[in-house]
Number of protein chains: 2
Amino acid sequence: MEVRKTGTGGAARADDLVAELAARLGPDCVLSGPEVLGYCRDWHGDVTTGALAVLRPRNTQDVVRSVRAAAELKLAIVPQGGNTGLVLGAIPDQPSGQVIISLERMTEIRSLEPDDFSVVAEAGVILSDLKEKVEESGLFFPLSLGAQGSCRIGGNVSTNAGGINVLRYGMTRDLVLGLEVVLPDGSIFEGLSTLRKDNRGIDLKQLFIGAEGTLGIITAVSLKLMPKVEQVATALLGLASLDDAIALYRRARRDCCDLMSAFEFMPPLAFTLAREAMPDLPLPMKDHYPAYVLMEISGSGLVDVDDLMQRFLEAVMEDGLVLDGVVAQSRLQARNLWLFREGMNEGQAKRGLHLRTDLSVSLSRLAEFVGEAEAAVRARLPECLCVSYGHVGDGNVHLNVLPPSDLSLAEKAEMIAKSKLVLNEVLDRFGGSISAEHGIGRLKRDDFLKRLPKPQADLLAAIKQAIDPDRIMNPGCQLNFDGIW
Amino acid sequence: MEVRKTGTGGAARADDLVAELAARLGPDCVLSGPEVLGYCRDWHGDVTTGALAVLRPRNTQDVVRSVRAAAELKLAIVPQGGNTGLVLGAIPDQPSGQVIISLERMTEIRSLEPDDFSVVAEAGVILSDLKEKVEESGLFFPLSLGAQGSCRIGGNVSTNAGGINVLRYGMTRDLVLGLEVVLPDGSIFEGLSTLRKDNRGIDLKQLFIGAEGTLGIITAVSLKLMPKVEQVATALLGLASLDDAIALYRRARRDCCDLMSAFEFMPPLAFTLAREAMPDLPLPMKDHYPAYVLMEISGSGLVDVDDLMQRFLEAVMEDGLVLDGVVAQSRLQARNLWLFREGMNEGQAKRGLHLRTDLSVSLSRLAEFVGEAEAAVRARLPECLCVSYGHVGDGNVHLNVLPPSDLSLAEKAEMIAKSKLVLNEVLDRFGGSISAEHGIGRLKRDDFLKRLPKPQADLLAAIKQAIDPDRIMNPGCQLNFDGIW
């Protein structure tokens, strides 16, 4: 692909291209100039780039026209949903040669059929809007994550989003029944089936889930729905160690019959950090413990979830696995318990630039990994603080490293780079993943490609070549054809 | 690919090729002559073909050598597990130019880690052996299907097998954590991860699940395990209609908190057919009903599954949705209830050649579909008998058509062909799938390709070309490069 660079005549050429796009797609569909910048800033606000233009299709045919126009003008395309990703997958890296195609105006719920336990939604529907509409129909869409008020369902599918309910309902992939995708040649992959079971050979839609827009633009999705959650029991538990937390998880899977909908591990530091962000947050327990678990059981119908939680906690406290616990007695109390989990993130943000990770290892080695990784960081960067927490039931830990607040940005950045190397070294020994749920994007691309075995790399390159031979779809994301290949 | 046909000199050439294979792989790894035929007969015994040889690798390196040898000798490869498939995906269609690679000697369980809820097994492990080994470790592998005493896990993954537990645990795809695959060029895709959560971009392993050996040979798999099922409640219920059965399913999902592990619909004819195969089978209910459901709830730990079933049935009988019911009081009684479901298949087989289908439509339209499809068959082929049953919770129905027993084979075959056209015509109007769980193979290939939209067909062709450019992997299965493309 020809990559355009601004230079002599670049500005004039850019104006021509924008004018040509507006002529083809209608001026209403094309943003340029300063308005573009709002689309080019990442979720954390760490990075802002730019784009030749933002195309804002209203429907699938507009997306087709946008893709064809970009291809003919030799512009690359960066598809974007709610732009809440954490790995720079949805903002351009070559502003002058790239357009963003934003799905934000495709917000129709095309069908919602409670009797089929399915919904068909356009890519631009905001996750929390989708969840609300589904609940109004008496059902439940389980994907739950921090950004749900801003992220869009097309982006969730394109990045195979995770979140707090994965242990019960799986990643987004597990919730997808069908897709509509505009391919790089402008043809439409029409696969919005709502069939629960359909085993007609190779399942092509799987390729687009997690591809982060490198193979096409997801314009609509059909999704599985679940019975509405009618009862939720939420508890915050104090334990002696992460090891015990993992033992508790194993036991809870059996004792609670896989009805757990969340199982979040937090260190004691969680409370300190949360209170830094939300000073008025009431402390839920009077004593302190080396490890905490926020656990939720949820259900519907004839299963008594509160009773289940009660009997489970009695048993594990009698056995000494859980040292102390608070069970929420109201929705408000449950909300307050969750605020610690959320406040912990805000507290970290308040301490400034830090390393955020999203790692996974085998569950049986998770405690050992966290111990070794934190020790390695302490040995090499004793002034940094490690905060390890996350969806431990999935073997997924966010092991973040916070440099001292009073350092300069440059000093912090250097420590972050160093600590990442230290962590990845330990992670590689444990055969772990550098991205349990956030994807690859541009941020993790090089670390990803460096670890990719050759047969996998060859396969990826062959598939990219087969579907997007001109490499117009999100170049630089996941793959790097100027790099190792 | 050059397709070899036997002809003048064919036999001599075949001997040379077999000798060459034996020289390269060791005589122990190569079967030829009459021994081959046992591998070339389909599960129902309807079709027997042949093969130049059967290669029987003992390990992954043997598979690599086998693939390389076949490729160099310009022989195509048909991978085979337990050969229990129902769509002719694992037996050759060009015997003189094709070798079978049987995974039957790769039966090692490489690791079983209860603390990780995962197992790594070679492709040739028989499903029931795998399930037993897993249960000995205190866990549960949910895939359950009629052929489980013969089918092999590599084949289950390669065909994305379904079965009776899909409504609770998903298809085989949903149970796969990782794969080891020998690719057509002899390289090894090493992806036997046991990470529960790993979101590193495009998920390449998905391509091989359901590909039926057209893109490579699955040599080992890593799988998710679940808590051991400690309690099972089984009930046979009499209802007024299929419509009511579907309403019952919807209600059961909610009331039983998605703890249902089976929900099988059967027509009254089920009992007649089962008793034809098993005359001594005790009739479970004294009255007759227009529709029956075999329902199972299962669980572990602190949830009382028997109590749940009891309370659910009381409620739905009070509401008149269920007219009568028998709850198994022992394992033996539960086994007897399941015998009707299994006996029904045997009873159909005893009536001779018939049309077996494996269709799915949206759950909300299933009853309407079955009504219209049966009426269409009755109108066009009044002498045939329709038997509709199956995993209705998944929208999956086996709508079989039985010609009168006293007709000749040729007459039966003609009726079967006609009834298939009639059914597919109705199915297409309902936007259904011709293969809900059995796959495509060679049997359904033409019906599959005829219905495949062009962008999907182009994508499949491009992927096949990218991964298997010489088309040595299971040619004629799913795809047909001499056909519509």
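Filtering the stretch B:74-92 to residues that are within 14 Å of B:Gly38 (Cα to Cα) and not in a loop (DSSP other than H, G, I, E, B) leaves only B:Gln80.
Tell me which of these B:Gly395 doesn't satisfy, since it passes every other one: (1) over 21 Å from B:Phe265 (Cα atoms); (2) touching a strand residue (DSSP E or B) at 6+ places or on another chain (Cβ under 8 Å); (3) within 8 Å of chain A (Cβ to nearest Cβ). Going through (1) over 21 Å from B:Phe265 (Cα atoms); (2) touching a strand residue (DSSP E or B) at 6+ places or on another chain (Cβ under 8 Å); (3) within 8 Å of chain A (Cβ to nearest Cβ) one by one, B:Gly395 breaks only (1). When the stretch B:202-229 is filtered for residues that are acidic (Asp, Glu) and within 19 Å of the chain's Cα centre (by Cα), only B:Glu212 remains. Suppose we keep only residues that are of a type in the set (Ser, Thr, Tyr) and within 19 Å of B:Asp174 (Cα to Cα) within the stretch B:101-145. Which one would you say is nearest to the other protein chains (Cβ to nearest Cβ)? Per the criteria, the residue is B:Ser118.
Only helices (runs of 4 or more DSSP H) whose full extent lies in the stretch A:94-208 are considered here, and the ones with at least 2 residues that are in contact with a strand residue (DSSP E or B) (Cβ under 7 Å, 6 or more places away or on another chain), among the small types (Gly, Ala, Ser) and at pLDDT 95 or above are A:153-158.
Here B:Leu402 clears all of (1) under 27 Å from A:Val119 (Cα atoms); (2) in contact (Cβ under 8 Å) with a residue 24 or more places away in the chain except the condition numbered (1). Could you tell me whether B:Asn199 is facing chain A (nearest Cβ under 9 Å), crowded, with 22+ Cβ neighbours inside 10 Å and within 17 Å of A:Ala457 (Cα to Cα)? For B:Asn199, the condition - facing chain A (nearest Cβ under 9 Å), crowded, with 22+ Cβ neighbours inside 10 Å and within 17 Å of A:Ala457 (Cα to Cα) - is met.
Yes or no, residue by residue, for (1) closer than 30 Å to B:Arg253 by Cβ; (2) in the same structural domain as B:Gln206 (by TED's automatic domain parsing); (3) within 24 Å of the chain's Cα centre (by Cα):
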site	(1), (2), (3)
B:Asn396	yes, no, yes
B:Leu402	no, no, yes
B:Leu423	yes, no, yes
B:Ala436	yes, no, yes
B:Asp447	no, no, yes
B:Ala466	no, no, no
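Does A:Thr219 fit the bill of being surrounded by 24 or more Cβ atoms within 10 Å (Cβ to Cβ), more than 7 Å from chain B (Cβ to nearest Cβ), assigned to a loop (DSSP other than H, G, I, E, B) and of a type in the set (Ser, Thr, Tyr)? Criteria not met by A:Thr219.
In the stretch A:417-429, the qualifying residues are those that are surrounded by fewer than 18 Cβ atoms within 10 Å (Cβ to Cβ) and of a type in the set (A, V, I, L, M, F, W, C), and the one that is farthest from A:Ser360 (Cα to Cα) is A:Ala417.
Looking only at residues of the stretch A:147-187 that are away from every other protein chain (no Cβ under 11 Å) and among the β-branched types (Val, Ile, Thr), we find that the one that is surrounded by the most Cβ atoms within 10 Å (Cβ to Cβ) is A:Ile153. Can you find even one residue in the stretch A:409-429 that is modelled with pLDDT of 95 or more and in a loop (DSSP other than H, G, I, E, B)? No: the stretch A:409-429 contains no residue that is modelled with pLDDT of 95 or more and in a loop (DSSP other than H, G, I, E, B). The lone criterion from (1) away from chain A (no Cβ under 14 Å); (2) surrounded by 21 or more Cβ atoms within 10 Å (Cβ to Cβ); (3) outside any helix (DSSP H, G or I) left unmet by B:Leu283 is number (2).
Among the helices (runs of 4 or more DSSP H) confined to the stretch B:300-384, the ones with at least 1 residues that are more than 14 Å from chain A (Cβ to nearest Cβ) and touching a residue at least 12 places away in the same chain (Cβ under 8 Å) are located at B:331-350, B:366-380.
Taking the stretch B:429-474 as the range and being in contact with an Asp or Glu (Cβ under 8 Å, 6 or more places away or on another chain), within 26 Å of A:Gln465 (Cβ to Cβ) and more than 9 Å from every other protein chain (Cβ to nearest Cβ) as the test, only B:Asn474 passes.
The values are calculated or read from the model by the stated rules, or taken from the named source; none is laboratory data. For clarity, every value in this text was computed on a predicted model and none was experimentally measured. Heads up, the Cβs are rebuilt from the backbone with ideal geometry, glycines too, and the neighbour counts pull from every protein chain shown.
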